[in-house]
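Every read-out reported here was derived from the displayed coordinates using simple, explicitly stated rules and does not represent laboratory data. The structure presented is a predicted model; accordingly, all values stated were derived computationally and were not measured. Note that we place each Cβ from the backbone using ideal geometry, even for glycine, and neighbour counts take in every protein chain shown.
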């Protein structure tokens, strides 16, 4: 693992503020939270959180309320992530770990992998937007959402979040970086 630390204070072109930007290199892993710089990022941001919601937990043990579509994983629930998020009371979570499938292909593989039919709803950009709306609803003010994927959109300013950190994790070759964002609900 190597690190290029860049600290940015001020505003991005779209008006969002950010306090820290960093870049690491680390081997890729389908289990995102096992990648060393990402593991450290998660642990640093969830310290002190009592209620941590993880709608795509896989084998991760960071969440206190966990879900994964695949019943092979030892999670509290095995539901569609949106249905799972809708079961969480409003303003009850201290942190949310949002590590969904990063591409349409991965969404299709996840659903087909557990024998579920993929619907048009699950292949539209509104699929992710509905998750983010629910995350905004369930987080307490001051709560954090950590998002992982191939974009840095996070939950967003329009939903009342402030970006506090962006971390890029390069994996080399033709592999996409994993982009990690940390936001606080205002």
Between 26, 90, 125, find the one with the highest GNM mean-square fluctuation for the chain; connect C-alpha pairs within less than 10 Å. 125
Just rank 127, 25, fewest to most, by other beta-carbon atoms within 10 angstrom. 25, 127
Hey, in the GNM for the chain with a 10 angstrom Cα cutoff, which one of 122, 157, 175 fluctuates hardest? 175
Percent antiparallel among DSSP beta bridges with both residues in the chain, to the nearest 5? 55 percent
For the stretch 115-176, what class follows from the C-alpha gyration tensor (a ≥ b ≥ c being the square roots of its eigenvalues): rounded when a/c is under 1.5, otherwise prolate if a/b is larger than b/c, else oblate? oblate
Please compute one quarter of the surface area of the Cα convex hull for the chain and express it in square nanometres. 10.4 nm²
Remind me, what semi-axes does the stretch 70-169 give for its equivalent ellipsoid, largest first in whole Å, using sqrt of 5 times each Cα gyration tensor eigenvalue? 23, 17, 13
Given only helices, namely DSSP H runs of n ≥ 4 each adding -39500 (n - 2.57), what is the per-residue ellipticity at 222 nm of the chain, to the nearest 500 deg cm²/dmol? -6500 deg cm²/dmol
